[in-house]
1. Considering only region 17-28, state which residues are under 14 Å from residue 45 (Cβ atoms), within 15 Å of the chain's Cα centre (by Cα) and part of a helix (DSSP H, G or I).
2. Taking region 106-121 as the region of interest, how many residues are touching a strand residue (DSSP E or B) at 6+ places or on another chain (Cβ under 7 Å) and loosely packed, with under 14 Cβ neighbours inside 10 Å?
3. Could you check, for region 60-68, whether at least one of its residues is touching a helix residue (DSSP H, G or I) at 6+ places or on another chain (Cβ under 8 Å), modelled with pLDDT under 75 and either surrounded by fewer than 18 Cβ atoms within 10 Å (Cβ to Cβ) or not in a helix (DSSP H, G or I) (or both)?
4. Is it the case that residue 127 is within 15 Å of the chain's Cα centre (by Cα) and either at pLDDT below 80 or surrounded by fewer than 21 Cβ atoms within 10 Å (Cβ to Cβ) (or both)?
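The values are calculated or read from the model by the stated rules, or taken from the named source; none is laboratory data. Note that the structure is a prediction, hence the values are computed from the model and not measured. FYI the Cβ positions are ideal-geometry reconstructions off the backbone, even for glycines, and counts take in every protein chain you see.
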């Protein structure tokens, strides 16, 4: 498995510091379970953070706050430990469901279904599985918020590249694309998202009320 699309360094640094929202941290943790390069980068950020924390004056943090900081720093590592079973792409979907559970698949339009996996979220960030049938062509769209998409099975491509198992895409209102799923098999992704898809063009405006992603 070759992973070519990774989170930005500032996202990995925030993950290491425990400052990402829960939904984003969950998807990043799943990516780390599949990506050795990013695990190494997070370890480096954790080491840097540990040094900086050690050099902080105790009087500035206080004992109670220092304990809270250490608990916050430990949380992402615990989440990553739970997700370590996702390292094999062929079993990543089943393993995620077995750990966190899954509601039924719900039709969202365009050959796409989603399923909640019961991950607690904050800041309006939803976490869910997204499944698209082989050959699905999504309409041209952008986003009203932020979306992190981790491919677990299959592949898709659009104007900005091809995404296979382990690859992660980060999209927001500045990204305008039209994902197309490979014809050979369905594509299943783990998604953290706030806001909604924003469709373009006359057809997009007509279809917007029926899109529930």
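1. Result: 25, 28.
2. Count: 2.
3. Scanning region 60-68, I find at least one residue that is touching a helix residue (DSSP H, G or I) at 6+ places or on another chain (Cβ under 8 Å), modelled with pLDDT under 75 and either surrounded by fewer than 18 Cβ atoms within 10 Å (Cβ to Cβ) or not in a helix (DSSP H, G or I) (or both), so the answer is yes.
4. no
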